[in-house]
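Take a look at the structure below.
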């Protein structure tokens, strides 16, 4: 059972996530494709426009660390020298290369390259709905359980910082704010999740909101 305490949902463990994933899969067996979730649901016109544009396939790892009674999520801060999404908080990930056998393989490779997360500690357990970006990517979020014992070291060419956020904070709707701005003549609505001095928004917040709506709402 999950309860909310001081802006943090307690009882959100890796085992609990596995149960929710299994229950969701059983409930959706034979059903039609999942409806739009996250900030895609807030921006039907923008999503329709992006769907008509050829997007490059990409994958990100959504790494949920098994920390016993309180799971955490590994996030990174991208370096400000990058051409796209510089300085933003992000999941490890990137474009799917021809040699990648699957989105899972791409996400694991990128996590190893960006933060030296050893795949031996990572167990992919499912995928979240694809996420289209205004920068031309169609992202497959790969949900994974990470066992403790790993050592992380940011690749300075891509990652300025790597840190963990309690899953209970990210899955508390009270910490999800809706904001908006104009983009190419359209009002774009998006989520933000301020965490201390860190500002989670954009693609990352959109994927986290999708995780919430799919398994925790």
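Overview of results
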| quantity | calculated |
| --- | --- |
| Test result for residue 35, part of a loop (DSSP other than H, G, I, E, B), at pLDDT below 95 and over 21 Å from residue 216 (Cα atoms) | no |
| Residues within the stretch 55-73 that are assigned to a loop (DSSP other than H, G, I, E, B) and either surrounded by fewer than 21 Cβ atoms within 10 Å (Cβ to Cβ) or modelled with pLDDT under 95 (or both), tallied | 6 |
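The values are calculated or read from the model by the stated rules, or taken from the named source; none is laboratory data. Here the structure is a predicted model, which is why all the values come from computation and not from measurement. As a convention, Cβ positions derive from the backbone with ideal geometry for all residues, glycine included, and neighbour counts pool all protein chains shown.
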